[in-house]
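Trainee: Take this structure first; my questions come after.
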C-alpha cells in the first residue's frame, strides 16, 4: 500500500472536511453554526468543484439536520454532518432516535459554550451533556487527530451500527492552523469499504422502522444497543491499529505519556492535553515522578483500560474543561465511578480548569499539581483558573 501523503496547512475544522471528502459520504445534511461552519463551507466548496459527489441537503434547523441524517442512514448510505453548542442541544431528541435506530451517522461537534450567558468559547459541556444518548464519543487534541479520528469514526460506526461524535474544541482546535498529513484516497478506500448494512429501508427487502413495540421488545433493543457499545472498545482499538498500519499514526483509546513508575498522573482530554504534556516534560526534568493520561474515547467509557492504567498510582489529578452544576467536572465524576472498589486505586483530585475557554497556562497547571500533592482527595471538583 502506498504511503504517499499530502501535507497541508489547515485549521482543525478543515482537517475534518478533508477526511469527510476522503470517506465519500452519500448524504450530508447541513446547517451552519459558529464555530462549526467552516467544516461545512469547505465541504460545499469540494462539492461545487466536483471533488465530492454526495448529496448536500440544506436544512432549516439542526433538529431537521439530524432527522434527515437518520432517514438517509436508514436507507443504507454513508452520512455525515457537523454542529456545535446550541445546535447540538437542539438535536437532543433526534440524537436519542439516531442511536435507537442504529444509524451509523458520523457527526463532528465543535465544543462551544452554552447559553446563557452567551459566548463562543471552547467548553466541553455541550457534548458531555449528550453522554447518555447512545452515541460513541471521541475527543481530539488537535487537527491531525481530528482528521484521522473522523476516518476511524466511519469505520467504527459502520461495524457496530451506532452513531459517532468526533469532538474538538472551538478555536483552540477548530480555527488553529497546523500542518496536517492528509491520508491518501487509495488508503482510505482500502480502509473504508462501501457501506452495505444488513438491514435498511428498501422495498426489495421489505423491512420497516418506527413501529410501536412492546415493553419486552424495547428492553431487548436497549440491551442490544448496550452490547454494541461494549463492542466499540475492541472495534475502536482495531480501527486505530489498522489506520496506524496504513499511515503510521495511532492514538489508542487512551494515551499514557511518561506514566512508567509515575506517582502522580494528570488525566484530561481534548486540547488541554498538549499543554499538560509540556508540563509533564518540565516536571520530569525537575525530578517529579509524573505522567499524563489522555482519555480519547469517552463513550463507551473505557473502564477496564482505565483501571489497568491507574492501579497502584498514588494520586491522579483530573482537569475538566466542563461543568455540570450539582456534580462538578464530568470526567472527574466518571473516573471516580470507574475506579470505585479497585484495590490499589489512586486518590483522585478534580479541578475545573478552563471552563468557558479560560486559558490554562503551564504555570497554572504546575500550581494545581502542587495543590493536589498536598491536599486530601476531592469530594467535589475544585474551581481553578
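Computed from the coordinates by the stated procedures, all read-outs in this text should not be read as laboratory data. Here the structure is a predicted model, which means the values were calculated and not measured. Backbone-built Cβ (ideal geometry, glycine too); neighbour counts: all protein chains shown.
Trainee: Taking a ≥ b ≥ c as the square roots of the Cα gyration tensor eigenvalues, with a/c under 1.5 meaning rounded and otherwise prolate when a/b beats b/c, else oblate, which class fits the range 26-141?
Mentor: Taking the square roots of the gyration eigenvalues as a ≥ b ≥ c, the range 26-141 is oblate.
Trainee: What number, rounded to the nearest 500 deg cm²/dmol, is the helix-based mean residue ellipticity at 222 nm of the chain, given -39500 (n - 2.57) per DSSP H run of at least four residues and division by all its residues?
Mentor: For the chain, the value works out to -13000 deg cm²/dmol.
Trainee: Next up: Percent relative contact order of the range 6-247, based on C-alpha pairs within less than 8 angstrom and at least six residues apart?
Mentor: The normalised contact order for the range 6-247 reaches 25 percent.
Trainee: Spin-label point model (7 Å from Cα, Cβ direction): what's the residue 241 to residue 186 distance in nm?
Mentor: The modelled label-to-label distance comes out at 2.5 nm.
Trainee: Rounded to the nearest 5, what % of the DSSP beta bridges within the range 268-385 are antiparallel ones? It would help to have the intermediate numbers written out before the result.
Mentor: Details: 1 of 11 bridges.
Antiparallel bridges: around 10 percent, rounded to the nearest 5.
Trainee: Going by how many other beta carbons lie within 10 Å of each one, how would you line up 383, 209, fewest first?
Mentor: Working: 383 11, 209 14.
Least crowded to most crowded, the residues run 383, 209.
Trainee: Which distance in Å, rounded to a whole number, links the C-alpha centroids of the range 272-335 and the range 94-119?
Mentor: For the range 272-335 versus the range 94-119, the Cα centre distance is 24 Å.
Trainee: Just want to confirm a number: the relative contact order over the range 256-384, from Cα pairs under 8 angstrom separated by 6+ residues, in percent.
Mentor: Relative contact order comes out at 26 percent.
Trainee: Hey, can you rank 347-358, 187-198, 294-305 by average C-beta count inside 10 Å, highest first?
Mentor: Going by the mean number of other Cβ atoms within 10 Å, highest first, we get 347-358, 294-305, 187-198.
Trainee: Which of the peptides 337-343, 180-186 is most tightly packed, and how do the rest follow, judged by the mean count of other Cβ atoms within 10 Å per residue?
Mentor: In descending order of packing, they fall as 180-186, 337-343.
Trainee: How much of the DSSP bridge set in the chain is antiparallel, in percent, rounded to the nearest 5? Intermediate results must be reported in sequence, preceding the final value.
Mentor: Details: 13 of 51 bridges.
Within the chain, antiparallel bridges account for around 25 percent of the total.
Trainee: Okay, moving on. More than 41 angstrom separation, counting every C-alpha pair in the chain; what % is that?
Mentor: Summing the P(r) of the chain above 41 Å gives 12 percent of all pairs.
Trainee: What's the center-to-center distance, using Cα atoms, between the range 143-195 and the range 31-76 in Å?
Mentor: Result: 16 Å between the Cα centres.
Trainee: With a ≥ b ≥ c the root eigenvalues of the C-alpha gyration tensor of the range 111-194, is it rounded (a/c under 1.5), prolate (a/b larger than b/c) or oblate?
Mentor: oblate
Trainee: Now for a separate question. Nearest 0.05, what FRET efficiency do residue 92 and residue 209 give at R0 = 25 Å with Cβ-Cβ as r?
Mentor: 0.80
Trainee: If you don't mind, another one. What nm distance separates the two modelled labels at residue 179 and residue 361, each placed 7 Å from Cα along Cα→Cβ?
Mentor: Taking the two extended label points, one gets 2.9 nm.
Trainee: Another question about this same structure. Want the number for residue 118 to residue 260: 0.36 nm per residue separation, take away the alpha-carbon distance, what's left?
Mentor: Full extension from residue 118 to residue 260 adds 46.8 nm.
Trainee: A follow-up question, please. If the chain between residue 371 and residue 342 were fully stretched, how many nm would it gain, using 0.36 nm times the residue separation less the Cα-Cα distance?
Mentor: 8.0 nm
Trainee: Once you have a ≥ b ≥ c as the square roots of the Cα gyration tensor eigenvalues for the range 256-384, tell me rounded if a/c is under 1.5, and otherwise prolate or oblate according to whether a/b is larger than b/c. Write out the running numbers ahead of the final one.
Mentor: Working: a/c = 1.36, a/b = 1.03, b/c = 1.31.
Since a/c stays below 1.5, the shape of the range 256-384 is classed as rounded.
Trainee: How much length would be gained if the chain were fully extended between residue 222 and residue 131, taking 0.36 nm per residue of separation minus their Cα-Cα distance, in nm to one decimal?
Mentor: 31.2 nm
Trainee: In nm, to one decimal, how far is the residue 58 label point from the residue 234 one, both placed 7 Å along Cα→Cβ?
Mentor: Calculated label separation equals 4.7 nm.
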